1. If you go through segment 44-60 one residue at a time, do you hit one that is in contact with a helix residue (DSSP H, G or I) (Cβ under 9 Å, 6 or more places away or on another chain), more than 22 Å from residue 357 (Cβ to Cβ) and either surrounded by fewer than 21 Cβ atoms within 10 Å (Cβ to Cβ) or at pLDDT below 85 (or both)?
2. For residue 133, which of the numbered conditions (1) at pLDDT 80 or above; (2) touching a helix residue (DSSP H, G or I) at 6+ places or on another chain (Cβ under 6 Å); (3) within 30 Å of residue 304 (Cβ to Cβ) fails to hold?
3. Does at least one position in segment 196-205 carry a residue that is closer than 30 Å to residue 322 by Cβ, assigned to a helix (DSSP H, G or I) and either without any contact (Cβ under 8 Å) to a residue 12 or more places away in the chain or in contact with a helix residue (DSSP H, G or I) (Cβ under 9 Å, 6 or more places away or on another chain) (or both)?
4. Keeping to segment 1-20, report how many residues are at pLDDT 75 or above, within 19 Å of residue 284 (Cβ to Cβ) and not in a helix (DSSP H, G or I).
5. Report yes if residue 424 is closer than 30 Å to residue 316 by Cα and touching a residue at least 12 places away in the same chain (Cβ under 8 Å), otherwise no.
6. When residues of segment 74-89 are filtered for being in contact (Cβ under 8 Å) with a residue 24 or more places away in the chain and either buried (at least 24 other Cβ atoms within 10 Å of the Cβ) or part of a loop (DSSP other than H, G, I, E, B) (or both), how many remain?
7. Could you tell me which of the residues 71, 103 is part of a helix (DSSP H, G or I) and either without any contact (Cβ under 8 Å) to a residue 24 or more places away in the chain or within 15 Å of the chain's Cα centre (by Cα) (or both)?
8. Show the residue pairs meeting these rules: Cβ distance below 8 Å; 6+ apart or different chains; first residue within segment 134-145 and at negative phi; second residue assigned to a helix (DSSP H, G or I) and modelled with pLDDT under 65.
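The values are calculated or read from the model by the stated rules, or taken from the named source; none is laboratory data. The structure presented is a predicted model; accordingly, all values stated were derived computationally and were not measured. Reconstructed Cβ throughout: ideal geometry from the backbone, glycine too, with neighbour counts over all protein chains shown.
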């Protein structure tokens, strides 16, 4: 097999998977909970993500399996068919829900300047259309997908940098006043609230593990896996922090809370006019586009790997010139159905909990074979502690703020668990 993906393409896949709709949606939630401390809480989420990435890097280099999350757990616990099936189903549905949300966010921003922007049918149609466009890109060529991802990711990073500079330049609050506000909010906010924000916003870092799904198409995995993953996590944490600082300095807190995912666009329009708003829209469109492409690339390979082991319908494992054609089509169809069904915000919360839970399981797997993966016991225990705390905190947040949503998520887990159980029994025959 030709190795079409180098360090630059792998960083683009990871950053593309992480910087999707996340930064455009987490600001309002964060500011509503901890005020001006939001940039620091979001950055703390990046620290947690870094420790989560540590387990993925060690397991990725050791196993070098494109099945990533699923394959690592299955190979670490080879006698547990049920556990392997469960983690496979949970992880895939988390990716599918993320794909649906990215596509819906893309649609919301791309048609925001038109008279039909509030038409739900058109919005869903555009969302489904962009999913199928990137399905075709992924089916067309791995190398072509990698080059396109390069262009989209590095262009959007430039635009996000320009947005950050503009927000800071037009800031309505000077640095001295901001630090006074930070001190005041720190005195009033509990440590629990800061940790809750870090946990809730942790989903914005989902995507770095997509690098491992490309192991069969990358050059020198033992070098590129750690380089690409660590680079992308640090880069994204810095980007989020700078954008959050700029937003808090330039946009009133009540506007950030009220306008939610449109906060950056509406705030940029208020202080910079239409060109500022358009710049944010272009950034959002590029961010969601690259996230769709990168997530579809990595997760389809994981789906094919799970189907290889008969925990999913066998036809999903079929490849055409090493490309998991049927897996790409299946993920696109399922994500399209989710968009048609609506309730994407509920599904996103499922994705948030799933990503934290699965990362915790990866840290536990790495702890079990830490001698073989040459892992630090201290780092691994810190990762386990941080991810366990984050999982419990996000469940607590759901229970106290949206208990009906938590019931929906529990119901979804029960459905997936039943499906995974059926396939686990089938695999044992």
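1. no
2. (2)
3. Yes.
4. Counting residues in segment 1-20 that are at pLDDT 75 or above, within 19 Å of residue 284 (Cβ to Cβ) and not in a helix (DSSP H, G or I) gives 1.
5. yes
6. The qualifying residues number 7.
7. Answer to the selection: 103.
8. Partner pairs satisfying both residue conditions: 137/144; 137/145; 138/145.
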